[in-house]
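Data first, discussion second: the structure below is written as structure tokens.
The values are calculated or read from the model by the stated rules, or taken from the named source; none is laboratory data. Since the structure is predicted, the reported quantities are computational estimates derived from the model, not experimental observations. For the accessible areas, the whole protein counts, side chains as well, though only heavy atoms, and no ligand, DNA or RNA atoms are used. Shrake-Rupley method; radii C 1.70, N 1.55, O 1.52, S 1.80 Å.
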Amino acid sequence: MGERWQVDARWGDHWEVMADIQNGSMAYTKSWLPANIPTPSAGSVSGKLHLSGSGTKLLSADADLALANLAFSDASGLHAGEKISGKITIKARQARGDMAWQG
């Protein structure tokens, strides 16, 4: 099956970003991640992601993702992994000024 990224975004005072990913290359996420953490070089992701917020504030995040054959490493090679597969489910909500995370 081929790679497919379907992203729907709504902007305004309140915003939403929804993604439906099928066999997405994890190598694409390298540019989105901080430079000081291990970055993916191989593998795929499939599933759904939903983020919503107001202005610059994230109010909720939901992710239900499956990883397959993930490989990653840092610049020194001291933190690395390969052939990692698994499922990630995350829910986060704004609660009294802080994000309450469940994974």
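Normalised by the number of residues in the range 1-54, the average gap of Cα pairs under 8 Å and 6 or more apart makes the relative contact order 39 percent.
Using the Cα atoms as the points, what is the convex hull volume per residue of the chain in Å³?
Working: hull volume 11.7 nm³, N = 103.
Normalising the Cα hull of the chain by residue number yields 113 Å³.
At a probe radius of 1.4 angstrom, the accessible area of the range 19-103 per residue rounds to 64 square angstrom. Comparing A35, A71, A92, which has the greatest mean-square fluctuation in the GNM of the chain with Cα pairs linked when under 10 Å apart? Of A35, A71, A92, the most mobile in the Gaussian network model is A35. On the protein heavy atoms, probe 1.4 angstrom, tell me the percent of accessible surface of the range 34-86 carried by carbon and sulfur. Taking all protein chains in place, the range 34-86 shows 61 percent carbon and sulfur surface.
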